[in-house]
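I have placed the structure first, in the form of structure tokens, so that the comments after it can refer back to it.
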Amino acid sequence: MTTLSIHRAFRRALCLASLLLAPLALPAQAGGAQPAHARPDARTAAQAALPAADRVLLGAGGVTLELTAPRADVLRVRLGHPDLPEDASWAVVPQARTAHVPLVRSQQGTRLTVRTAALQAVIDTRTLAIDILDASGVPLLQDAGAGHAFGSAAGGNAGFVLTKQLPEDEHFFGLGDKAGPLDRRGQSYVLWNTDAFGYGTASDPLYKSIPFFLAANEQGRAFGLFLDNTWRTNFDFGRRDASRLEISAAGGPVDYYVIAGPEPKAVVEGYAWLTGTPPLAPLWTLGFQQSHWGYKSQAQAQGVVDRLRSDRIPADVLFLDIDYLDRYRVFTVGKPQFPDLPGFVKRLAEQKMHLVLITDLHVPHVTDGSYAPYTSGHEAGIFLRNPDGSEYVGKVWPGDCVFPDFSRPAARDWWGGQYRFLTDMGVHGFWNDMNEPAIFEVKSKTMPLDTVHRIEEPGFRPRNASHAEMHNVFGMLNTRATYEGQLKLAPDVRPFVLTRASYAGGQRYAATWTGDNSSSWEHLRLSVSQLVNLGLSGFAYVGDDVGGFAGSDPSADLLTRWIEVGAFNPFFRDHYGDTKPPQEVWVDGPTHEAVRRRYIEERYRLLPYLYSLAEENSRTGLPLMRPVFLEFPAVLAKPNDSFSGTESQFMLGASLLVAPPPVWESPEAYTIRLPGEGWTDYWTGQRVEGRQVVEKPELERLPVFVRPGSILPKQPLLQSTQQLPVGPLVLEVYPGADCHGSVYLDDGTSFAYQRGESMRQAFSCSQQGDALAVDVHERTGAYQPWWSGFEIVLRGWGNGAAEATLAGESLATRIEAGTLHVSVPDLPKGGQLLVRAAP
Ligand code: MIG
């Protein structure tokens, strides 16, 4: 690439991001391996203490490049113009920020090769162009030309563009819940947290900014890239130029990580290692949740809960939206509508329901001393300021509002402390909305870019920062204040925080949903790609507004369909806007309600599976809801590429494949292609012949298939996760290669699991001669499970009599509708069940 074309690419990228920048100062050609201008004060103590062997530092043409490897499969590249940027991060966890492994170098002329055990980087020492290759030398990500260009404003904050080559067979995923197709290739996205009410299937930007993507090619080989930059950013995956990947930002550091696969799962786990995993969700948040902007009184809200219980719709959570507040003022309760909130919370607890309350971050600007949160926050000086030092005031629901400066510990502590009266009532779930932040009556929909934030954070120099820098991370810091505040107020209760806006790493504090979607088939379809892309971007605990938030009311069929899919989403909440007719499960009459109930009930039966997935996620970062290629990278492979057929499908964990119609509203039959043979229909227990299923859409049937080699833990039906199941743990066994499953359990609400009060038990199955062996492995951990024993279930058994033995003793068998059931006593030490056809 010539300097002129770099110049053009840079200009174009900036236009895309609608940025106005000073003219470019392009790097001149220059040699020299050590930058004279790499000032040590731009580094943190951790980085400065790096042994020389663990860090490559180069300078050329007024640009400094630093390469480090936090671990062998993660390379970190920083570029500065002229000096390296501040070494600091809101996203990367301390453990990853201080980790480093040695780099092995070799140089041939101007070609410097730097290796770890898993990756290598080849750097042109004249241009600082960098190619990242896997250990065997296969290129993953290659610069186009010099690969970088900087704007020229002082202080190094004038923006940049990175230009990479875009191989033809590369698919792109991630970037959070961006609209558009599952595969980001050919699209361009702006990262700028935006209140996107009424967004469409191609709207951009939306609420969150997660500058991470996973790339996977047609060999199923994957890698990831995370740009740790909070400024307004643009990712262009070959839209402007089909052969280029362009990443540009309006300011902030060039600081990116390349994460090796080769499996897509390894990339997701690597990203979780960098930015953290979600905390283990309280069990109740895996239950069904009902919400509405417009539950205007205690009586109305109580009526909804009573109806859930009397209609026997299993449910765990009721949400209250801004209706419960006094004049929309956060940390108040509107007495006329909610005369006895503590009593309401108590009554809900008796009904085994939790309450989640909305607490928007804008604090009403009430200066007459009558509203304590403003008075105390003002006195503590924790609200954001204009450049002239006055408090920034913007209009939101309550009228004029001020905003806590969440990048300051003092402001986070203040915010967290405001929850005391609610936590004391027994409320442990909070909803942080509007935290893009959304501001009314201004064209930008947010605060002025020169609003002054104050950074007081380890790794950062204590300094003032503009809203341009802090905007995308503001929502995440809001949830951090909420989450950490909860931990202080109720140290042994797992908090639940739901957020609309966030940044990379925000999964450590909050679950998220896709904001104000609409009641349309298009939005139902879109939600699959939004939710799986969120899962790939670190946010595993995700859902959408089931039934749709905006638009006209959902048709009965649409709501039924949406509940069916929602039952297989990680976060399952029916929520709808203030202007819509009722959208609860029972509207549309008993026939629809029965179908909807059946799906919600199935979710409650699957809770041991779901909760075990949540626990896996909290350890590894693997999302609960997954694109098919995450489990089966081969679907990406040419020539028999079946990827496009999987775009409307998703996996819940490794075992369940959910296959909605690609066109929901169409009555036409469609073909489901399964990734391999031996799958079983989850509902009928019938084994699928071959790898194709033709489905004629039926309202009451959401096609779900079980992967061969799965053991699914299930439990008896309950109306709330707060009820203790009675009876056996059901183990549905689906024989096949590498047959296994496991269950994780703890008290579901406290942190006792971190003190050893949890349990785990693994299961496997194999063919042994003429018998199927089901191995129950020895239990680990101190927590006592609720079950009395196991019920082994073999579906598709047929009608032939069976013989079952455990350690030589025969056990009773029961065959019902072609399914074999064997009751097995509890086996804390493990044991082997052998099942065969009776002679
Ligand atoms: O300006 O609190 O996305 O879920 O019901 C609208 C009222 C503010 C936007 C959220 C929506 C919520 C609504 N909120």
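What the table shows:
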quantity: Shape call, segment 40-145: gyration tensor on alpha carbons, a/c limit 1.5; calculated: oblate
quantity: Total charge dipole magnitude, the chain, about the Cα centre, Cβ charges on Lys, Arg, Asp, Glu only, Debye to nearest 20; calculated: 1320 debye
quantity: Accessible area (Å², 1.4 Å probe, nearest 10) - W786; calculated: 50 Å²
quantity: Taking N as its residue count, the alpha carbon Rg of segment 733-839 over 2.2 N^0.38 Å; calculated: 1.18
quantity: Two-decimal log10 I(q)/I(0) for segment 668-740, as the Debye equation yields it once each C-alpha is a single scatterer, q = 0.25, 0.26 Å⁻¹; calculated: -1.11, -1.15
quantity: Relative intensity, log₁₀ I(q)/I(0), of segment 433-492 from a Debye sum that treats every alpha carbon as a point, q = 0.17, 0.25 Å⁻¹; calculated: -0.69, -1.06
quantity: Charge dipole (segment 522-609, unit charges on Cβ, about Cα centre) - positive-most of V528, G589, F549; calculated: V528
quantity: Exposure of E778 as accessible area (Å², to 10), given a probe of 1.4 Å and all protein chains; calculated: 100 Å²
quantity: Sequence ranges 765-774, 280-289, ranked by mean other-Cβ count within 10 angstrom, highest first; calculated: 280-289, 765-774
quantity: Helix-only [θ]222 nm of the chain, DSSP H runs n ≥ 4, -39500 (n - 2.57) each, per residue, nearest 500; calculated: -6000 deg cm²/dmol
quantity: Karplus (6.51, -1.76, 1.60) ³J(HN,Hα), θ = phi - 60°, over segment 337-345, in Hz, Gly and Pro reported as x; calculated: 7, 10, x, 9, 4, x, x, 5, 4
quantity: Peptides ranked, highest mean first, by Cβ atoms within 10 Å: ranges 351-364, 226-239; calculated: 226-239, 351-364
quantity: Sum of side-chain charges, R525 neighbourhood, beta-carbon under 12 Å (Lys, Arg +1; Asp, Glu -1); calculated: -3
quantity: Listed residues N432, Y374, F406: farthest to the positive end of the dipole of segment 371-432 (Cβ charges); calculated: N432
quantity: Long-range amide H partners of L140 with built H, under 5 Å; calculated: I132, L133, D134
quantity: Dipole magnitude of segment 775-830 about its Cα centre (Cβ charges: Lys, Arg +1; Asp, Glu -1), debye to nearest 20; calculated: 100 debye
quantity: Given charges at beta-carbon only (K, R positive; D, E negative), |dipole| of segment 184-289 in Debye; calculated: 160 debye
quantity: Taking only Cα atoms of segment 555-607, radius of gyration then Dmax in Å; calculated: 11.0, 34
quantity: Nearest-ten-degree value, helix 3-16 long axis tilted from longest Cα axis of the chain; calculated: 50 degrees
quantity: Over segment 529-648 - Rg/Rh using Cα atoms and the Kirkwood inverse-distance radius; calculated: 1.03
quantity: Reciprocal mean inverse distance between Cα atoms of segment 310-374 - Kirkwood radius, Å; calculated: 13.4 Å
quantity: The chain, Rg to Rh (Cα coordinates; Rh as Kirkwood inverse mean 1/r); calculated: 0.98
quantity: q = 0.11, 0.17, 0.20, 0.23 Å⁻¹: log10 I(q)/I(0) that the Debye formula gives for segment 437-557, counting C-alpha atoms only; calculated: -0.51, -1.03, -1.19, -1.27
quantity: Among 818-826, 400-408, the order from most to least packed when residues are scored by Cβ within 10 Å on average; calculated: 400-408, 818-826
quantity: Heavy atoms of D73: accessible area, 1.4 Å probe, square angstrom to 10; calculated: 30 Å²
quantity: Charge dipole of segment 217-302 about the Cα centre (unit charges at C-beta), most positive-ward option of A250, W284, V267; calculated: W284
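The values are calculated or read from the model by the stated rules, or taken from the named source; none is laboratory data. Here the structure is a predicted model, which is why all the values come from computation and not from measurement. Here the Cβ is made from the backbone with ideal geometry for all residues, glycine too, and neighbour counts use every protein chain on show. Protein only, heavy atoms only, side chains kept; ligands, DNA and RNA dropped before computing areas. Shrake-Rupley method; radii C 1.70, N 1.55, O 1.52, S 1.80 Å.
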